[in-house]
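Undergrad: Sending over a structure as C-alpha cells; questions will come in a sec.
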Amino acid sequence: MTYEELRDIISDSVNEANKGNYAATKESLLMVLAELEKIHPFAEVTEEIEYFNIYISLQFRANHLLARAEGRLGNNQQALDYATTSLMIAKEYLPDEVEGALNTMGIVCNYMNLYDKALEFYSQILDSLDNIKHDQLSAGTAVNIGLIYADIGSYTTALNYYEAALAVLEEIGDSEFRANVLGNIASIYSSLGSHEKALEYAYKALALKQQNENTDISTTLATIAKIYATTGEYTTALEFYQKALANAKVLGKKGDIAICLGSMGPIYQSNGLHAKAIEHLSEALMMFLELGNKHGVAVSKGYLGHTYSTINFEGYNAVKAEEYLLEAIDMCTEMGDKPNMSEVHSYLAELYKNEHRWQEALEHYQQHITIKDEVHSEEAKQQATLMEQRRQTAEREKEIALAKATAAAKLSATTNLLHKVLPESISTRMIEGEENIADFFPNVSILFADIAGFTPISADMPAYVVVRFLNHIFREFDRIMQKHGCEKIKTIGDGYMAIAGAPIECTDHAERITAAAFEMQETIQLPEEFGEYLPDGASFGIRIGLHTGSVVAGVIGDERFVWDVYSDAVNTAARMESHGEADKIHVTHDFVRLLQNRFAATKNTAHGIQFVKRGEMEIKGKGMMKTYYLQQAN
C-alpha cells in the first residue's frame, strides 16, 4: 500500500471511531501498522527524510488512535502500550504532537483509575501551554481533569474545571464543545440528586447543539432521557431516548444507537412491555457484538435473560432466559464486573425458583448475596482509596499551583525587568522566544542631548551626589520621552539618546521628537539641593541635536543586552548635539525640511516654531552642512 492509501485508512478509522465502531477502528489501524512495517521497517528509515517524516507521522497517528480505541474496548494495558509508543514518537520526532500524546496518556490512565498519573500528564500539558494559550486543547485538558474529579466524587472541584473550560470555549467561540461540557455538568448534578439543575444544564447543552444543522445531539438527548429515567418519569425518558435514537441513526453513530436501544429495553420491561423490551435489547445486543463492546453485550444479555424469565410475560422462555443469563455471568466473570454479575445471579435465582429448581435457585441466590457483599466491601475499600486519592490529588494540586505561582512570579519578574531595559514591543518579542531581533526603519527622528558644562559642575561633587544629579536629570528626560511617544535608547555619561518612529513606526516622529526637545529645555531645572556643590559662575543648560533618516535597530548581547540603533543618521544627530550650544536645539537641513513638510501636510499653521538659520558650517566627519536652530516664536 502507498502512504496515501494508509492515510485514507486512518481517516476512515477516525470516522468509524466517531460512530462508536471501535472494533473496526482497531482492525484498520492494526493493518496500517502492519503495512508500515512492510514499507519501511522503523529501524531502517534513516536516509529518505521526506518519506521518513511521512512514516513517522503515520506511525504516531496509528498508535495514538489505537490507544483511544483499545481504551474504549476495555483493553487498558494495550491502550497504555500504544499511548506510550505515541508519546515516545512525539517527543523524539513530532514536538507539535506532544500535548496531544500527553492528553491520550491522561485519558488511558483515567480508564485504568490511575488518577494521580492522569493528573500528572494533564498538568504537563497546562505547563507547556504556560497557562496563557486559550484553545480547544487547554479547554479539553480542563474537562479531562474535571472528569477525574467527578470519578473520585470531588464534584465541586470537577465543576470548577468545567467552568474554566466553558470560559475558554466561550472565548474561542466553540459552541459544540461547550455543549458537551454543559452535558458533563448536567451529569454531575444528576449524581448529586439535583435533577432540576441537571435538566437545566442538559437543556442548555441541547439548545447550543441545535443551533447548527446536522449536529450530533444524540448524546445530549440521551443524557436528558437518563435524568428523567432516574426520577421515574419513564414516558418522558422514552420520548427523549427515541429522539436520541433517531438522531444517532441519521448520523450513523452505531455506538449511540446501541446505547439508546439498550437503555430503552429495561424501561419497557419495567412498564410491562416485555415484547418491546426484547425487541430493543436484541437489536442492541447485535450492535454491541458488532462493535466489540463487551460490557454492552453482557448487560444486554442479562436484561434479555431477565425479560424472558418474567413469569407473567406471555413469551416466557426458561431455556432462552437461562442461556442468556449464563452467558452474561461468564462475560462478567471474564471482565471482573461484579456489580452486574451479582444482579444476573439474582435473575438466575428467580428463574430457577419459577422452574422449581430449588437447589440451583438457592446456589445462585447465595452467590448473588456473596458477590453483593464483596461489592459492598470493595466499594468501602474503594471509598477509602478514593479518599486517599482525593488527598493525593489535593496535594498534587497544591504542588501544581505552587509550581505555577513560582513560574508566574519568575516570568513576571523577568517581564518587568525586560520592560525596564527594553522597549515593550521588543521585550514582548523576546519573551515569546524570538531570537536575533534586528529591524530596518526607513525614516525616524533621532535626539542627542547632554548637560552643557557638566565637567566643571561635577568636579567638586561627591560621587553619590553626581549619581543623584544625573538620576534627577535623566528621570525627567525619561518622563518626557514617554509623554510624547518617543523611545529612550541609552545614556552615556552625561549624554542622553532617544528616538521617535521606532520600534513602533509612526508618521509624526519629527513632531514628537521636537515637542520632547522643547520640553526638555523648558522644564529641566536644577534642584536647590545641588546648588551648594556648584562652583561660582558655573552655568547649567541642555544642549540638544536632532536629525532624521534611516536606522538599523536590534538587540545586542546575550546576557547584558540592550536595544540600540545604528546608521550614519545616528552619527549626524550626535554631531548636531556636539556642535550645538547650551539651551538650543541644533538641527540639520533634512530635519527642518521634514518638519516643514509635515506641518504643510497636516495643515498645522499654529505650530509656533521658528527655524533660525545658522548657515553652513564644518561638521566633524561630515564636511560643510547647512544647519538651523529651532526655537519657539514669541
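The values are calculated or read from the model by the stated rules, or taken from the named source; none is laboratory data. Just so you know, these numbers come straight off a predicted model, no measurement behind them. When we count neighbours, we look across all protein chains shown, and the Cβ atoms used for this are built from the backbone with ideal geometry, even at glycine.
Undergrad: Name the one entry in Lys197, Lys209 that is closer than 19 Å to Ala248 by Cα and basic (Lys, Arg).
TA: Result: Lys209 is the single residue among Lys197, Lys209 that is closer than 19 Å to Ala248 by Cα and basic (Lys, Arg).
Undergrad: Would you please name the residue that is farthest from Phe454 (Cα to Cα), looking only at residues in the range 485-498 that are in a loop (DSSP other than H, G, I, E, B) and in contact with a Ser or Thr (Cβ under 9 Å, 6 or more places away or on another chain)?
TA: Cys486
Undergrad: Are any residues in the range 299-347 surrounded by fewer than 17 Cβ atoms within 10 Å (Cβ to Cβ) and within 14 Å of His274 (Cα to Cα), and if so, which ones?
TA: Result: Ile311, Asn312, Glu314, Gly315, Tyr316, Asn317.
Undergrad: May I pose another question? Taking the condition of being more than 17 Å from Glu360 (Cα to Cα) and in a helix (DSSP H, G or I), how many residues in the range 292-319 meet it?
TA: 13
Undergrad: Return the pairs, sorted by first residue and then second, in which the second residue is assigned to a loop (DSSP other than H, G, I, E, B) and among the hydroxyl-bearing types (Ser, Thr, Tyr), the first residue lies in the range 596-611 and is farther than 16 Å from Gln631 by Cβ and modelled with pLDDT under 90, the beta carbons are less than 7 Å apart, and the residues are 6+ apart or on different chains.
TA: none
Undergrad: Next question, about the same structure. Where the second residue is polar (S, T, N, Q) and surrounded by fewer than 22 Cβ atoms within 10 Å (Cβ to Cβ) and the first is part of a helix (DSSP H, G or I) and lies in the range 68-89, which pairs have Cβ atoms under 8 Å and are six or more apart or on separate chains?
TA: If the second residue must be polar (S, T, N, Q) and surrounded by fewer than 22 Cβ atoms within 10 Å (Cβ to Cβ), the pairs left are Glu70/Asn76; Glu70/Gln78.
Undergrad: When the range 70-96 is examined, which residues are found to be over 21 Å from Gly336 (Cβ atoms), crowded, with 16+ Cβ neighbours inside 10 Å and hydrophobic (A, V, I, L, M, F, W, C)?
TA: Ala83, Leu87, Ile89, Ala90, Leu94 - these are the residues of the range 70-96 that are over 21 Å from Gly336 (Cβ atoms), crowded, with 16+ Cβ neighbours inside 10 Å and hydrophobic (A, V, I, L, M, F, W, C).
Undergrad: Take the residues in the range 1-19 that are touching a residue at least 24 places away in the same chain (Cβ under 8 Å) and within 13 Å of Ala69 (Cβ to Cβ); name whichever of them is surrounded by the fewest Cβ atoms within 10 Å (Cβ to Cβ).
TA: Of everything passing the filter in the range 1-19, Asn18 is surrounded by the fewest Cβ atoms within 10 Å (Cβ to Cβ).
Undergrad: Within the range 576-592, does at least one residue satisfy the condition of being surrounded by 12 or more Cβ atoms within 10 Å (Cβ to Cβ), on the phi > 0 side of the Ramachandran plot and either in a loop (DSSP other than H, G, I, E, B) or among the acidic types (Asp, Glu) (or both)?
TA: yes
Undergrad: A further question follows. Inspect the range 445-458 for any residue being surrounded by fewer than 17 Cβ atoms within 10 Å (Cβ to Cβ), acidic (Asp, Glu) and over 23 Å from Gly557 (Cα atoms) and give the result as yes or no.
TA: Within the range 445-458, none of the residues are surrounded by fewer than 17 Cβ atoms within 10 Å (Cβ to Cβ), acidic (Asp, Glu) and over 23 Å from Gly557 (Cα atoms).
Undergrad: Does Ala165 qualify as being at pLDDT below 85, under 19 Å from Thr220 (Cβ atoms) and surrounded by 19 or more Cβ atoms within 10 Å (Cβ to Cβ)?
TA: So Ala165 does not fit the description; no.
Undergrad: Leu289 - would you say it is modelled with pLDDT under 90, under 30 Å from Arg357 (Cβ atoms) and either acidic (Asp, Glu) or in a helix (DSSP H, G or I) (or both)?
TA: yes
Undergrad: Quick one: count up the residues across the range 541-575 that are in a strand (DSSP E or B) and touching a residue at least 40 places away in the same chain (Cβ under 8 Å).
TA: 19
Undergrad: So in the range 177-215, with the set limited to residues that are among the charged types (D, E, K, R) and loosely packed, with under 14 Cβ neighbours inside 10 Å, which one is farthest from Ala142 (Cα to Cα)?
TA: Selected residue: Glu213.
Undergrad: From the residues in the range 223-254 that are farther than 20 Å from Met286 by Cα and among the small types (Gly, Ala, Ser), which one is surrounded by the most Cβ atoms within 10 Å (Cβ to Cβ)?
TA: Among those residues, the one meeting the criterion is Ala225.
Undergrad: Continuing with the same structure: Show me the helices (runs of 4 or more DSSP H) found entirely inside the range 174-238 where at least 1 residues are among the acidic types (Asp, Glu).
TA: In the range 174-238, the matching helices (runs of 4 or more DSSP H) lie at 175-191, 195-209.
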